[in-house]
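What follows is a short report on a single structure.
Bear in mind these aren't lab numbers, they're just calculated from the coordinates by the rules spelled out. Treat the numbers as computed from the prediction; the structure is a model and nothing was measured. Here the Cβ is made from the backbone with ideal geometry for all residues, glycine too, and neighbour counts use every protein chain on show.
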Amino acid sequence: MLESKEITIGFKEAVGEIFKLLPIEKGFSTEKKWQVIAEKGMFLLRSSFSNMLERKKEEYDLMDRLYKQGVKCNKPVRFFESTDKTTIYFLYSYLPGQDAETCINQTTRSQQYEIGVKAGKDLKKINSITSDTKTWYGRKWKKHNHYLKMYGEMGYRFDEDKKVQRFIEMNYNETDSGPDLFQPDDFHLGNIIINNNEYGGILDFNRYDWGDPLHEFVKLEWFTWPVSKDFAKGQVKGYYGEHGIGEDDCLKISIYTAMSLFSTVVWTLRFYPETMGNIEHKIKSILQHYRYFEKTIPDWAI
């Protein structure tokens with residue numbers, strides 16, 4: 001819990017008198033989050049352990065770049081360290097509204113599509129930040145083999161898993177040209193804000209990575225398409241524009257989606273086994289959508 005002295009020294013000057021400090025419990029992050037209601041408006045406060053300073057400072061600086069490029073995200077305000085040097089705090093502007101996962105179906109289909117278009121345009125801007133490295137291809141393959149080994153040791157099997165793995169092995173070389181660009185790595189309806197039936201912005205860059213931006217569309221398949229097909233199609237339109245998504249990009253996305261089946265099983269069984277029933281349903285839907293990866297152009301790309 002924040003000490004009053006930390007509030008005074010750390011950010012009271014930026015927000016003015018503080019009226020309320022409300023914990024935010026949503027999400028799987030280990031970070032602590034608060035909504036700050038203060039004299040100068042509403043703010044978002046996040047905290048992490050001080051050993052995360054380098055990564056969290058990079059995230060803060062990247063969000064500042066994105067905000068200045070016109071991405072609708074939380075504006076960085078300031079960061080500071082606790083008096084005992086164990087905790088770091090990052091203060092951002094607050095995006096009003098509700099997360100799209102809970103309220104998008106309260107909007108019309110045309111509104112869902114337009115919200116998706118604006119979100120897709122923001123994702124394109126987010127992916128415009130480049131890295132000096134080009135290590136995605138090797139890193140991704142190494143990570144997949146790690147998850148595949150753990151999957152094999154767990155004793156759990158999803159339908160036609162060997163067929164899915166053969167598809168990955170036969171096609172993974174197609175991803176070799178993937179660049180190292182900025183990935184929010186969690187771009188889905190749960191992290192998108194709707195305000196007054198319009199696109200309100202994108203939240204949560206906590207899991208950011210560098211790599212092929214097409215990997216972001218795996219989240220579209222898992223979490224967005226089942227909830228709002230109109231948003232999903234709008235996201236693709238906003239990202240790709242009038243020329244649409246090509247077959248080569250669809251193939252790469254299908255490869256990453258196939259790989260995600262193994263990693264999701266491992267991650268879920270290790271950390272949230274009580275949610276495995278829901279994950280099994282999602283896996284079945286993905287396998288059917290891709291016809292066990294005999295099909296590589298998903299319906300949201302058409």
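Structure data summary
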item: Simple Cβ-charge dipole of the range 118-178, Lys/Arg +1 and Asp/Glu -1, about Cα centre, in debye nearest 20; result: 260
item: Along principal axes, Cα extents of the chain, largest first, whole Å; result: 60, 44, 40
item: Scattering profile of the range 175-236 at q = 0.16, 0.19, 0.23 Å⁻¹ [log10 I(q)/I(0), Debye over alpha-carbon scatterers]; result: -0.55, -0.75, -1.01
item: Inverse of mean 1/r across different Cα pairs in the range 63-132, Kirkwood, Å; result: 14.8
item: Shape of the range 110-174, Cα gyration tensor, a/c cut at 1.5; result: oblate
item: Tilt relative to the chain, helix 247-271 - C-alpha long axis, 0 to 90 degrees, to 10; result: 70
item: Shape category assigned to the range 4-93 from the gyration tensor of Cα positions, a/c cut at 1.5; result: rounded
item: P(r), alpha carbons of the range 149-301 - 5 Å bins starting at zero, rounded %; result: 2, 8, 17, 21, 22, 17, 9, 3, 1, 0
item: Among 190, 208, 172 the positive-end extreme of the charge dipole of the range 146-216 (Cβ point charges); result: 172
item: Charge sum, other residues only, whose C-beta stays under 14 Å from residue 177's C-beta, Lys/Arg counted +1 and Asp/Glu -1; result: -3
item: Relative contact order (%) - the chain, alpha-carbon pairs under 8 angstrom, separation at least six; result: 18
item: Cα-centred dipole magnitude for the chain, charges only on beta-carbon of K, R (+1) and D, E (-1), debye, nearest 20; result: 100
item: Debye log10 I(q)/I(0) for the range 73-222, one point scatterer per Cα, at q = 0.12, 0.13 Å⁻¹; result: -0.72, -0.82
